[in-house]
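Here is the structure we will look at, set down as structure tokens.
The values are calculated or read from the model by the stated rules, or taken from the named source; none is laboratory data. Predicted model, so just to flag it, every value in this text is computed and none were measured. Cβ: placed from backbone, ideal geometry, glycine included. Neighbour counts: every protein chain shown.
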Amino acid sequence: MADMRLRVLDVETTGIPSETETHALVEIGTCDLVQSVSGWRVEMPVATLVNPGRLIPIEAMAVHHIRDADVANAPSPDRVLMTLRDGATHFCAHNVDFERKFYAGGDTPWICTFKSALRIWPDAPSHSNQVLRYFLDIDAHDDFDPALAMPPHRAGPDAYVSAFILRELIDQASIEDMVRWSSGPALLAKVGFGKHRGMRWSEVPKDYLHWILKSDMDDRNVRATAKHYLKIAEGALA
């Protein structure tokens, strides 16, 4: 039987796409998590700079430190993206909703380590890949190389860290469940707005959950989370 190969993807971009502005890739990183008879193995991360076909805003440079001169002679994003499906049984990313704005992945199923981590470790201080790295003490793993995780906010190192988070998740949840969770909204841990900002959703009063669901708030993650915890509060979920 062929090994299962989960390809963790991370990208650096010229910015965050919105209704009024499009953005492009400047770096594509992957790190494969491979199943074999000896267990799950994290392979070496690979990262490639790509030419976005536009100038990189200073605000984006300040995050990933990739400059226009760095990508001037780099290949186009399409040339690199067309190779990503080779051998991959699943795609994974720490924020699938963001990565898929730049690469849909065809019919290959996706796993979101962020959405899955919210379900498995709701009490983590936060759910960024760097916070989860230390929350899970990934640096203590015998096969983890801290040098490959540096610098953060670059595609290769971030994909490498996310691959280890994914391996931890596989010990707690099935791949099928994570694929299902990843296709829907995120089940948030803490309220990010209003009078209950910072409170865990599990502690939010029922009347406030009802208010959210009756309001015109259109954040699907917030609405899904409110509905989930309201069902728990009213005994509809075990």
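Is it the case that region 156-173 has a residue that's touching a residue at least 12 places away in the same chain (Cβ under 8 Å), among the hydrophobic types (A, V, I, L, M, F, W, C), more than 17 Å from residue 34 (Cα to Cα) and in a helix (DSSP H, G or I)?
Looking through region 156-173, none of the residues is touching a residue at least 12 places away in the same chain (Cβ under 8 Å), among the hydrophobic types (A, V, I, L, M, F, W, C), more than 17 Å from residue 34 (Cα to Cα) and in a helix (DSSP H, G or I).
Quick one: how many residues across region 25-44 are farther than 21 Å from residue 128 by Cβ and either within 18 Å of the chain's Cα centre (by Cα) or charged (D, E, K, R) (or both)?
So the count comes out to 3.
Tell me which residues, restricted to region 3-53, are within 19 Å of residue 110 (Cα to Cα) and at pLDDT below 95.
Once the filter is applied, which keeps residues that are within 19 Å of residue 110 (Cα to Cα) and at pLDDT below 95, region 3-53 yields 3, 4, 35.
Could you tell me whether residue 122 is out of contact with any Gly (no Cβ under 6 Å at 6 or more places or on another chain) and either more than 30 Å from residue 26 (Cβ to Cβ) or aliphatic (A, V, I, L, M) (or both)?
Yes: the conditions hold for residue 122.
For region 194-238, what are the residues that are of a type in the set (A, V, I, L, M, F, W, C) and free of Cβ contacts under 8 Å to residues at least 12 places away in the same chain?
199, 211, 217, 236, 237, 238 - these are the residues of region 194-238 that are of a type in the set (A, V, I, L, M, F, W, C) and free of Cβ contacts under 8 Å to residues at least 12 places away in the same chain.
Please go through region 56-74 and pick out each residue that is among the small types (Gly, Ala, Ser) and without any contact (Cβ under 8 Å) to a residue 24 or more places away in the chain.
62, 69, 72
Where the second residue is surrounded by fewer than 14 Cβ atoms within 10 Å (Cβ to Cβ) and small (Gly, Ala, Ser) and the first is in the same structural domain as residue 95 (by TED's automatic domain parsing) and part of a loop (DSSP other than H, G, I, E, B) and lies in region 17-45, which pairs have Cβ atoms under 9 Å and are six or more apart or on separate chains?
Within 9 Å, the pairs are 24/53.
Hey, can you tell me all the residues within region 179-238 that are over 27 Å from residue 166 (Cα atoms) and of a type in the set (Asp, Glu)?
203, 207, 216, 218, 234
Run down 144, 135, 114 and say which single residue is of a type in the set (Phe, Trp, Tyr) and under 14 Å from the mean Cα position of the chain (by Cα).
Going through 144, 135, 114 in turn, the sole match is 114.
Filter region 76-85 down to the residues that are assigned to a loop (DSSP other than H, G, I, E, B) and either surrounded by 13 or more Cβ atoms within 10 Å (Cβ to Cβ) or among the aliphatic types (A, V, I, L, M) (or both) and list them by number.
Listed by number, the residues that qualify are 76, 82, 84, 85.
Check 117, 69, 88, 124 and return the single one that is part of a helix (DSSP H, G or I), farther than 17 Å from residue 12 by Cα and hydrophobic (A, V, I, L, M, F, W, C).
117
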